[in-house]
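Comments concern the structure below.
The values are calculated or read from the model by the stated rules, or taken from the named source; none is laboratory data. Keep in mind that what you see is a predicted model, and the values were worked out from it rather than measured. When we count neighbours, we look across all protein chains shown, and the Cβ atoms used for this are built from the backbone with ideal geometry, even at glycine. These area figures cover heavy atoms from the full protein model, side chains too; ligands, DNA and RNA do not enter into them. Shrake-Rupley method; radii C 1.70, N 1.55, O 1.52, S 1.80 Å.
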Amino acid sequence: DTAVSQTPKYLVTQMGNDKSIKCEQNLGHDTMYWYKQDSKKFLKIMFSYNNKELIINETVPNRFSPKSPDKAHLNLHINSLELGDSAVYFCASSRHGAPQPQHFGDGTRLSIL
Amino acid sequence: TQLLEQSPQFLSIQEGENLTVYCNSSSVFSSLQWYRQEPGEGPVLLVTVVTGGEVKKLKRLTFQFGDARKDSSLHITAAQPGDTGLYLCAGWDLTGTASKLTFGTGTRLQVTL
């Protein structure tokens, strides 16, 4: 059973388009995250939701809009895609608080042409 | 912004050799985790250290948290090809309105036969 699943795994699109990435976890966790991993493998948090409420927004451009319809889902919508958005985006989940283990999905590789 | 610098960035060794990876910061973290990431997958938690000076062992891997909780090390004894991957340290930051995980710059390890 996949614990944290995100779709699609690959996303190739042109500049200016709008795209969404979906994430679901079946671990019963109440906190979910979006991370961005750049070409140098640096992993940086973008957003964190706890019980469907946004608790962390790391100065991400407002072209990125996360949405959590319920505790098990956290989707990421990106408007007006730019070249610099090319990266691997990871969804993760955990129980609330530190230092809980974070469980990651396998990532979505976004390539902007 | 808290930064975690890892060294070395890249390490290529032969099976059976020992190695140490360092994770350093000028900031204090409440706890620190080590993750391993393999190509095409998300990071997977290896260990969490909480107390300054704490040492934890996971088979051939030994993790240490610095006394001042600003640094950590990962020592691998008799490395095997299965140890190949990207090793990421990550510190828990509790200073903001919500706890968040700050990842290190990463160490890519390749173990050859």
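Just a few scattered comments:
- Given (1) under 18 Å from A:Gln102 (Cα atoms); (2) modelled with pLDDT of 95 or more; (3) not hydroxyl-bearing (Ser, Thr, Tyr), number of the condition A:Val12 does not satisfy: (1)
- Count of residues meeting criterion [over 16 Å from the mean Cα position of the chain (by Cα) and surrounded by fewer than 18 Cβ atoms within 10 Å (Cβ to Cβ)] in segment B:91-113: 7
- At least 2 residues being among the basic types (Lys, Arg) and more than 10 Å from chain B (Cβ to nearest Cβ) is the threshold, and among the strands (runs of 3 or more DSSP E) wholly inside chain A those reaching it are A:19-25.
- Number of the condition not met by B:Pro39 [criteria: (1) within 11 Å of chain A (Cβ to nearest Cβ); (2) modelled with pLDDT of 95 or more; (3) surrounded by fewer than 20 Cβ atoms within 10 Å (Cβ to Cβ)]: (2)
- Qualifying residue in segment B:1-9 (condition: assigned to a strand (DSSP E or B), open to solvent by less than 70 Å² (accessible area, probe 1.4 Å) and of a type in the set (Gly, Ala, Ser)): yes
- You will find that of B:Leu58, B:Leu45, B:Leu88, the residue that is loosely packed, with under 13 Cβ neighbours inside 10 Å and within 14 Å of chain A (Cβ to nearest Cβ) is B:Leu58 and no other.
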